[in-house]
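Nothing in this text is a laboratory measurement; each read-out follows from the coordinates by a stated rule. These numbers were taken from a predicted model, which means no experiment stands behind them. Don't worry about glycine lacking a Cβ; one is built from the backbone with ideal geometry, like all the others, and counts go over all protein chains shown.
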Amino acid sequence: KLSQPDAVSHIEAAHAMMKANRTAAAKAAAAQEASRSAPERADAERCCILGCTAQLLKCNGAKDAGGAVGHAESAHYICASCLSRWFAAQALLREESGLPKQTRRFCPVCQSEVRATSSEMRCDAHKYAMGLFKVAGTWAP
């Protein structure tokens, strides 16, 4: 077995990618929050990535096993199109890095797993998209 000092393992590459993405998402969320005035925040929620106001999804952070609601210190909002682009970019990065396809999806802000609702919530499936709660008034009927 040849030794390659510059070679990076898949795990190391994944951790480096996760750290960079988490840092970038946190900076974007902080910048978005800082740029909004207090009255504006009270009137309308916005996507923490690009400031979009349509098709918003609410992430409550990390969820307990089997739980439908998370426990983040404060909820954050992401629009469906930004979240779709995030998932597509993550898939492309993993492919370009030679990493296996990701079977789970994670929030770009808090890194909590974004997953489908549990079986007891399926009657309310219309209230969810991409594993997150739809924000009322931001989705077309």
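Considering only Cα-Cα distances, which of the following residue pairs are longer than 26 Å: LYS27/LYS58; LYS19/LYS127; LYS19/LYS101; LYS19/LYS134?
LYS19/LYS127; LYS19/LYS134
Mind listing the long-range amide H neighbours of TRP139? Cut-off is under 5 Å, sequence gap 5 or more, other chains count too, H placed in the peptide plane at 1.01 Å from N.
The list, which skips near neighbours in sequence, is GLN55.
Which peptide among 97-107, 131-141 comes first, and what is the full order, when sorted by highest mean count of other Cβ atoms within 10 Å?
131-141, 97-107
Around THR103, under 12 Å between beta carbons, what's the net of Lys plus Arg minus Asp minus Glu among the other residues?
+4
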